[in-house]
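Here's the structure we're looking at; comments come further down.
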């Protein structure tokens with residue numbers, strides 16, 4: 001049972017780590033356009049990130065694929081940037097069904113990238129033993145961390161929009177602009193061209 005908590009905490013900390021905040025940025029921009037009434041859609045998106053993460057983590061751990069960490073870092077920053085821009089250009093245009101298809105792709109792609117980035121750290125921690133169970137335990141920690149971050153974003157959105165009468169469109173624009181401002185330096189720091 002203690003091994004479960006070790007890997008669960010590893011996944012949880014991977015999401016809520018303030019020194020490596022790209023996961024948080026993506027979750028913030030993902031959740032910005034949603035509220036508590038849309039929790040099912042948001043849960044699907046969060047779970048897609050986790051599934052993508054688990055899939056790529058297993059593929060790297062078992063030697064199926066090998067990817068440059070520099071390229072992965074660039075693509076993570078680019079995905080956050082594109083998500084923020086998408087929110088900015090579609091804020092106030094409430095066609096959630098159309099947005100969902102694109103966010104499904106963003107979520108899965110981001111999860112795949114995060115799994116690729118995490119794999120070297122994971123492999124160093126696990127060593128040569130079977131990696132299936134520890135991978136699942138890390139994925140549960142990832143899911144829990146993502147739910148925590150998204151819950152905080154939804155609570156902030158609720159407070160600002162309900163108590164302080166902050167317009168939903170303005171909320172999306174402000175939050176997405178902040179994320180965009182943080183994503184640009186990340187993109188430049190990981191520039192591959």
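Every read-out reported here was derived from the displayed coordinates using simple, explicitly stated rules and does not represent laboratory data. Not measured: the values here are computed from a predicted model. Ideal geometry is used to build each Cβ from the backbone, glycine not excepted, and the neighbour counts take in all protein chains shown.
Flag: residue 92 matches the condition of being in a loop (DSSP other than H, G, I, E, B), exposed (fewer than 13 other Cβ atoms within 10 Å of the Cβ) and touching a helix residue (DSSP H, G or I) at 6+ places or on another chain (Cβ under 8 Å).
The residues of the range 18-36 that are farther than 16 Å from residue 119 by Cα and either without any contact (Cβ under 8 Å) to a residue 24 or more places away in the chain or in a loop (DSSP other than H, G, I, E, B) (or both), listed by number, are 18, 19, 21, 32, 33, 34, 35. Restricting the search to the range 122-132, which residues are surrounded by fewer than 17 Cβ atoms within 10 Å (Cβ to Cβ) and touching a residue at least 40 places away in the same chain (Cβ under 8 Å)? Residues satisfying the conditions are 123, 125, 132. Reported count of residues in the range 43-77, each being in contact with a helix residue (DSSP H, G or I) (Cβ under 6 Å, 6 or more places away or on another chain) and within 28 Å of residue 175 (Cβ to Cβ), is 13. Within the range 138-193, restricting attention to residues that are under 30 Å from residue 124 (Cβ atoms) and not in a helix (DSSP H, G or I), the residue that is nearest to the chain's Cα centre (by Cα) is 190. Can you find a residue in the range 99-116 that is in contact with a helix residue (DSSP H, G or I) (Cβ under 8 Å, 6 or more places away or on another chain), crowded, with 18+ Cβ neighbours inside 10 Å, on the phi < 0 side of the Ramachandran plot and not in a helix (DSSP H, G or I)? The answer is no; no qualifying residue exists.
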